[in-house]
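Working notes for the structure below.
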Amino acid sequence: MVGAFSLLGQAYSTATCTVNKPPVDCSQATASKAAVGVIMIVYLIILIPLLIITIASMWKLFTKAGKPGWAALIPIYNTVVLLQIVGRPLWWIILILIPFVNIVISFILVFDLAKAYGKDAGFGILMLFLPIIGYPMLAFGKSQYVGPLSGGVPAGVSATPYSPPSQPFQQQPVQQPVQPTIQPTQPAPSYAPTEPVAQPPNDIPPAPPQNPVV
């Protein structure tokens, strides 16, 4: 491919030199254009893999945060999603458009992104100076999204990461319901019918009246 570009550049230079009058020395022009072609090819060979790795890493990071991964492909919307993930206000997009200010904002967002996935400032420095290494490690490693630690909380996302209890949960034994004990009822005492008491006979003659003393 490099040879093809060199031949094309040489042919173009030769045709240009043939048309131009008076004739000029075209050897220097041919060499410079061939060098530019080689530099462009090397640049594309390096840039395309970096672009693919960056898009794949951002896709994975968005997915870990519960956002659509395809948002990494849309130029402005991916910045909006990134601000939501790190908990920064959306009006920071205006700051990103300001020259020199956008450099400071980009540094802040890199460190916020590292903290949002449970990493420290040292990992943010790695992402800042070696993004080809830092972003894939953050995206495809074991780090999980813990929420924005910059003070803002996006809608539907909790800023407080889940912390397991200090003591493991111990299952309490299930208490069986107490069955009521039924006491056997004592049978009611049976009373035998009593015989009637014999009454004295009423055929005794009454006593005669006593005569009064005169």
| Verdict on Phe100 being hydrophobic (A, V, I, L, M, F, W, C) and either closer than 19 Å to Gly69 by Cα or modelled with pLDDT of 95 or more (or both) | no
| query | For Thr79, are the conditions met, namely being open to solvent by 40 Å² or more (accessible area, probe 1.4 Å) and of a type outside the set (D, E, K, R)? | reply | no
| Just wondering, is there one or more residues in the stretch 144-158 that are open to solvent by less than 30 Å² (accessible area, probe 1.4 Å) and within 26 Å of Pro49 (Cα to Cα)? | no
| remark: Counting only residues in the stretch 52-76 that are open to solvent by 100 Å² or more (accessible area, probe 1.4 Å) and under 18 Å from Leu138 (Cβ atoms), the one modelled with the highest pLDDT is identified as Trp59
| message | Please pick out the residue among Val42, Val38 that is more than 21 Å from Ser143 (Cα to Cα) and open to solvent by less than 60 Å² (accessible area, probe 1.4 Å). | response | Val38
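The values are calculated or read from the model by the stated rules, or taken from the named source; none is laboratory data. Quantities reported herein were computed from a predicted structural model and do not represent experimental measurements. In this analysis, Cβ positions are derived from the backbone assuming ideal geometry, glycine residues included, and neighbour counts consider all displayed protein chains. Accessible surface is based on the protein model in full, side chains and every heavy atom, while ligands, DNA and RNA are left aside. Shrake-Rupley method; radii C 1.70, N 1.55, O 1.52, S 1.80 Å.
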